[in-house]
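One structure is given below, encoded as C-alpha cells.
The values are calculated or read from the model by the stated rules, or taken from the named source; none is laboratory data. Keep in mind that this is a model prediction, so the values were computed, not measured. Methodologically, a virtual Cβ is constructed for each residue, glycine included, from the backbone with ideal geometry; neighbour enumeration extends over all protein chains shown.
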Amino acid sequence: MKKILLCKEIDEHETRTALIPDDIKKLVGMGFQIKAVKGTGLKSGFSDEDYKQAGAVLVSSNEEGYKDSEIILRILKPESIKGIEKNALHVSYLDPFNEKKLLDDMAKAGLQAVSLEMIPRTTLAQKMDVQSSQTSLAGYTAVVNAASRLPKILPMMVTPSGTINPARVFVIGVGVAGLQAIATAKRLGARVEAFDTRPTVEEQVKSLGATFVKIDLGEMSQTEQGYAKELTADQVKKQQEAQAKVCERSDIVITTAKVFGRKAPRLINADVLDRMKPGAVVVDMAVSSGGNVEGSKLYEEVVRDNGVIIMSGDMLERQVPYDASKMLSGNFTAFLTHFYNKESKEFEVNLKDEIMQGCLLTKDNSIIHPKFKK
Ligand code: NAD
C-alpha cells in the first residue's frame, strides 16, 4: 500500500490537519504517493502551494480523492465512507465505543479501520500517541486562556509603585495535560500547587517546582497502563473537602481529572465555587466526559453570580492548530513509518504487531478487534 489520501476536515470547528508539508516530503521520499485535498492545511497555517511543493497532488474533495487511494488519513471520523475503495486502510479517531453503526458500516464496506484512540499507550507506540501529543498542547492552552481572563498577572512584580504577589494556580489531575499546565503556569511565574490520586505523581510535581497537595485518601493506585483507578464515593467526598481550601485561595484552578472509560469524577461543587474569589478562573478540562466542576458547560464560558468564571477546557489544542497539526502529523508519520517495509517500499498491515492488533478494528468485512466484536 503506498497511495495515500490526506483528507480535508469537514467539521467547521476542526482547525487541524493530519499531515503537514514537511512530513509529506519525507513520506514521498520513502516512495509513498500522496494526494491532498485542497485547503486541508489552511486553518493551521499551511497553503496548498506548500503541499504541492512538498510533493502532494492536490484534489478538490475527499470524495474525489477516495478513488484509487489505499490509505486514507484524517483526524475526525468520516462523515461518509461512500466511495472509499474496498480494503483501503482508514486511519482516524473513530470513537469506537460509541460508534457501533460506523464500525459495522466500515466492516461491511471491507475497509481496514484504524482507531487512533486505540493505539496502545506503550513506550514503543509513544511517538504515535495522538492523545498525549494533543493533550500536552491543551494543558498549555488552558493556562494561557485562564491567564487572559484573570484580572491579575501571574508573576511576582516588585516595582516602585508596589509589589504584586504571584498568582496562585491549583492543578487537579497531573497526567499529560496537568504536567503541561503546571510547567506553563510556573514559566509564567505563578505559585503552583497540584494534586493527583496516583501516588507516583508527587515526584513529578516537585520536579517542576510546584507543591504537591497531600490528601490522605487511603489506598490509591494506578492501572498497568498508568491510568488512575476510580475512587469510592467516600474517597471522592474526602478529596472534595480537603482540596476546597486550596481552591478558595487559588486564582486559577485547572481540573484535568479523568478515569479511563468512565465518567470523570465531580471534584468541585457549587459550595466551593461560592467561596472562591471574584474573578477567579476555573478551567474544566474534563467537561466533555462528565465534568470535574459543577456547572461547567462544553464550549461555553460561565460567569457565576460571585464573579467566578468557569471555562470549557475541551479540545483546546484546536486553538493552536499549527503546532497541534505538526505533532499530529508526527504521530501519523510515525505510524506509517513503523509499518513501512523498506524492501517493498510499501506500507504493510502486519497483524502480528501488537500496535496493529491494538488499533485495527475491521478487516475482511468483519469487526476483528476483540473489544468490539459482537
Ligand atoms: P487521564 O487523562 O486519564 O487523567 C488525567 C489525570 O487525572 C491522571 O493523572 C489521573 O491520575 C488523574 N485523576 C483521576 N482521578 C482523579 C481524582 N479524583 N483527583 C485527582 N486526579 C485524578 O490521564 P493521562 O493524562 O492520559 O495519562 C495518565 C498517565 O498515563 C500518564 O501520566 C502516564 O503515566 C500514562 N501514559 C502513558 C503513555 C505511554 O506510555 N505511551 C502515554 C500517555 C500516558
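Determine whether segment 300-321 contains at least one residue that is in a loop (DSSP other than H, G, I, E, B), out of contact with any helix residue (DSSP H, G or I) (no Cβ under 8 Å at 6 or more places or on another chain), in contact (Cβ under 8 Å) with a residue 60 or more places away in the chain and within 12 Å of the ligand (Cβ to nearest atom). Taking every residue of segment 300-321 in turn, none turns out to be in a loop (DSSP other than H, G, I, E, B), out of contact with any helix residue (DSSP H, G or I) (no Cβ under 8 Å at 6 or more places or on another chain), in contact (Cβ under 8 Å) with a residue 60 or more places away in the chain and within 12 Å of the ligand (Cβ to nearest atom). Scanning segment 119-140 for residues that are in a loop (DSSP other than H, G, I, E, B) and among the polar types (S, T, N, Q) yields THR122, THR123. Residues to consider are VAL144, VAL130, VAL114, VAL158; find the one that is within 26 Å of ILE71 (Cβ to Cβ) and away from the ligand (no atom under 16 Å from the Cβ). The conditions single out VAL114.
Take the residues in segment 176-210 that are assigned to a loop (DSSP other than H, G, I, E, B), surrounded by 22 or more Cβ atoms within 10 Å (Cβ to Cβ) and within 11 Å of the ligand (Cβ to nearest atom), then tell me which one is nearest to the chain's Cα centre (by Cα). Of everything passing the filter in segment 176-210, ASP196 is nearest to the chain's Cα centre (by Cα). One residue stands out in segment 217-245 among those that are assigned to a loop (DSSP other than H, G, I, E, B) and without any contact (Cβ under 8 Å) to a residue 12 or more places away in the chain: the one that is surrounded by the fewest Cβ atoms within 10 Å (Cβ to Cβ), namely GLU224.
Just one residue in the set ARG149, ARG168 is assigned by TED's automatic domain parsing to the domain that holds VAL282, more than 16 Å from the ligand (Cβ to nearest atom), within 25 Å of ILE215 (Cα to Cα) and not polar (S, T, N, Q); that residue is ARG168. If you scan segment 82-111, which residues turn out to be surrounded by 22 or more Cβ atoms within 10 Å (Cβ to Cβ) and within 16 Å of the ligand (Cβ to nearest atom)? Matches in segment 82-111: none.
Kindly check whether there is at least one residue in segment 154-169 that is touching a helix residue (DSSP H, G or I) at 6+ places or on another chain (Cβ under 9 Å), more than 21 Å from ASP271 (Cα to Cα) and outside any strand (DSSP E or B). Yes, the conditions are met somewhere in segment 154-169. For segment 246-293, a tally of residues being away from the ligand (no atom under 13 Å from the Cβ), surrounded by fewer than 21 Cβ atoms within 10 Å (Cβ to Cβ) and either under 26 Å from the mean Cα position of the chain (by Cα) or modelled with pLDDT under 95 (or both) returns 1.
Yes/no matrix, rows are residues, columns are (1) buried (at least 24 other Cβ atoms within 10 Å of the Cβ); (2) touching a residue at least 60 places away in the same chain (Cβ under 8 Å); (3) over 18 Å from PHE195 (Cβ atoms); (4) under 28 Å from the mean Cα position of the chain (by Cα):
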site: VAL130; (1), (2), (3), (4): no, yes, yes, yes
site: PRO160; (1), (2), (3), (4): no, no, yes, no
site: PHE170; (1), (2), (3), (4): yes, yes, no, yes
site: GLY173; (1), (2), (3), (4): yes, yes, no, yes
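Inspect all residues belonging to segment 276-292 and state whether any of them is in the same structural domain as LEU154 (by TED's automatic domain parsing), outside any loop (DSSP other than H, G, I, E, B) and of a type in the set (D, E, K, R). Yes, segment 276-292 contains at least one residue that is in the same structural domain as LEU154 (by TED's automatic domain parsing), outside any loop (DSSP other than H, G, I, E, B) and of a type in the set (D, E, K, R). Within this structure, GLY55 passes the test of being closer than 25 Å to HIS338 by Cβ and in contact with a helix residue (DSSP H, G or I) (Cβ under 8 Å, 6 or more places away or on another chain).
Taking segment 112-161 as the range and being β-branched (Val, Ile, Thr) and at pLDDT 95 or above as the test, the residues that pass are VAL114, ILE119, VAL130, THR135, THR141, VAL143, VAL144, ILE153, VAL158, THR159.
For first residues located in segment 355-368 and over 20 Å from ASP105 (Cα atoms), partners that are at pLDDT below 95 and β-branched (Val, Ile, Thr) and lie 6+ apart or on another chain with Cβ distances below 8 Å form the pairs ILE355/THR122. With the condition kept exactly as written, say whether any residue in segment 175-198 is out of contact with any strand residue (DSSP E or B) (no Cβ under 9 Å at 6 or more places or on another chain) and basic (Lys, Arg). Within segment 175-198, one or more residues are out of contact with any strand residue (DSSP E or B) (no Cβ under 9 Å at 6 or more places or on another chain) and basic (Lys, Arg).
Being away from the ligand (no atom under 12 Å from the Cβ) and not basic (Lys, Arg) is the filter; apply it to segment 226-245 and report the residue that is modelled with the lowest pLDDT. Per the stated criteria, the residue is ASP234.
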